[in-house]
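What follows is one structure encoded as structure tokens, with my remarks underneath.
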Amino acid sequence: MTNYDYLDVANTLAKNTRDLQLTTKTPRSSIAEAVGLNRGTISKYLDHSGGDMPLNVFIATQDLAGGDPIAALADALVTYGIGQHHTNNNTSEEAA
């Protein structure tokens, strides 16, 4: 079990992606066409997802709105301290 709240990370990514889409006025119909879904489904994911957004919708929305999906994910993970695993094992080089 971890101390990480993965749902908070997902919620942050979904909110930031929605904010980017709104700020850039990227048409939801364009996102829908790019991922093969209808506009209503895209609206559901962007407006009411509670962090539950398919990866293809996240990537397409970030990309079409001029964002960087890799940087957005990395920033969120760093903010929540996820992926920064450290061990206390000494290697032979450290012990010398």
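The table for this structure:
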| item | result |
| --- | --- |
| Total residues in segment 20-34, condition within 18 Å of residue 51 (Cβ to Cβ) and either surrounded by 16 or more Cβ atoms within 10 Å (Cβ to Cβ) or under 12 Å from the mean Cα position of the chain (by Cα) (or both) | 3 |
| Options 13, 7: the member that is crowded, with 18+ Cβ neighbours inside 10 Å and not charged (D, E, K, R) | 13 |
| Contacts under 8 angstrom Cβ, first residue in segment 42-60 being more than 20 Å from residue 24 (Cβ to Cβ) and surrounded by fewer than 13 Cβ atoms within 10 Å (Cβ to Cβ), partner of a type in the set (A, V, I, L, M, F, W, C) and at pLDDT 90 or above, 6 or more apart | 50/14; 52/10; 52/14 |
| Wholly enclosed helices (runs of 4 or more DSSP H) of the chain bearing at least 1 residues out of contact with any Cys (no Cβ under 7 Å at 6 or more places or on another chain) and at pLDDT 95 or above | 6-24, 28-35, 39-48, 55-64, 69-79 |
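The values are calculated or read from the model by the stated rules, or taken from the named source; none is laboratory data. Worth saying up front: this structure is predicted, and the values here are computed from it rather than measured. Virtual Cβ from ideal backbone geometry, glycine too; neighbours counted across all protein chains shown.
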